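Since the structure comes first, as structure tokens, the remarks are kept for the end.
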Amino acid sequence: MVMAAGYGTRLRPLTDAVPKPMIPVRGRPIIDDVLDRLVEAGIRRVVVNLHHRGEVIEAHLVRRTDLDIAFSRESEIQDTGGGVRQALPLLGAAPFFVVNAKIIWRNGRENALLRLARAWDGTAMDALLLLHPAVDALGYEGQGDFFMDQLGRVRRRRSWEVSPFVFTGIQIVHPRLFDGAPPGPFSMNLLWDRAIAAGRLQALRHDGQWFQMSTPRQLELVEKHLGGTAPAGHGR
């Protein structure tokens, strides 16, 4: 599943006219780069959730011939957890990838998605996150998201702490993670916290490059790093 329903408020004014997944990086929409990485991993069927300017994203994606794309249209935005839960009938009963449409990543020694799939253990996990070292995340200015031990077990960063790993926006989840989820919009954080308490959330360290593009400054840095040109009006 590719998460493409958000408003992209921190990228305004760019996202006033163009939904965030359609903002070009090196001349191509971010979402196309995400989908290219999925195709490289052998994925052929994708569910994309839509809300803000969803018709623009859908009109673009229906032209792709290398993927079977289904759309989960949200009349009311459902947040990360609610968005996936709404799409569960389209996703089936097996574990599946969930990937944000606002990121760009490059593989390390191996394909990151295939590494994540090999690390998946459904007997021990309800969710498996791909984490990236915060110190190596271009343009990242946060305090991290998680601590992770050598066995892949994670804990949250407490409010006074700085943690070494940031969530990449890439994960594998099992549909049972959503058992008992509340109605309406809710964040994946709710389900992660529940899985952490049950000892069923683990993580894998990404060994390639990862770029977050939540602000005009981050977008500009990524364009420069990858050798492109930031879209007009990126500002600072």
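Some points to look at:
- Residue 66 surrounded by fewer than 22 Cβ atoms within 10 Å (Cβ to Cβ) and part of a loop (DSSP other than H, G, I, E, B): yes
- The listed residues are 168, 80, and the only one of them that is hydroxyl-bearing (Ser, Thr, Tyr) and touching a Ser or Thr at 6+ places or on another chain (Cβ under 6 Å) turns out to be 80.
- Lone qualifier among 61, 50 - being without any contact (Cβ under 8 Å) to a residue 40 or more places away in the chain, within 12 Å of residue 4 (Cα to Cα) and buried (at least 20 other Cβ atoms within 10 Å of the Cβ): 61
- A single entry from 173, 222 fulfils the requirement of being at negative phi, at pLDDT 90 or above and crowded, with 19+ Cβ neighbours inside 10 Å: 173.
- The stretch 108-117 - residue that is under 26 Å from residue 225 (Cα atoms) and at pLDDT 95 or above and, of those, surrounded by the fewest Cβ atoms within 10 Å (Cβ to Cβ): 114
- The residues listed here are 79, 36; of these, the one that is within 17 Å of the chain's Cα centre (by Cα) and without any contact (Cβ under 8 Å) to a residue 12 or more places away in the chain is 36.
- Verdict on residue 137 being in contact with a strand residue (DSSP E or B) (Cβ under 8 Å, 6 or more places away or on another chain) and at pLDDT below 90: yes
- Selection from the stretch 17-54 of residues that are in a strand (DSSP E or B), among the charged types (D, E, K, R) and more than 16 Å from residue 71 (Cβ to Cβ): 28
- Of the strands (runs of 3 or more DSSP E) lying entirely inside the stretch 115-234, those containing at least 2 residues that are in contact (Cβ under 8 Å) with a residue 60 or more places away in the chain and among the hydrophobic types (A, V, I, L, M, F, W, C) span 127-133, 165-173, 201-205, 209-212.
- Of all the listed residues (120, 105), the sole one being modelled with pLDDT of 95 or more and of a type in the set (A, V, I, L, M, F, W, C) is 120.
- Looking only at residues of the stretch 182-198 that are more than 18 Å from the chain's Cα centre (by Cα) and within 16 Å of residue 77 (Cβ to Cβ), we find that the one that is modelled with the lowest pLDDT is 183.
- Residue within the stretch 85-103 that is surrounded by 16 or more Cβ atoms within 10 Å (Cβ to Cβ), of a type outside the set (Val, Ile, Thr) and free of Cβ contacts under 8 Å to residues at least 40 places away in the same chain present: yes
- A single entry from 104, 31, 23 fulfils the requirement of being among the β-branched types (Val, Ile, Thr), in contact with an Asp or Glu (Cβ under 9 Å, 6 or more places away or on another chain) and more than 21 Å from residue 174 (Cβ to Cβ): 104.
The values are calculated or read from the model by the stated rules, or taken from the named source; none is laboratory data. Computed from a prediction, not measured in an experiment: that's the story for all the values here. A quick note on method: Cβ atoms are made from the backbone with ideal geometry, for glycine too, and the neighbour counts reach across all protein chains shown.
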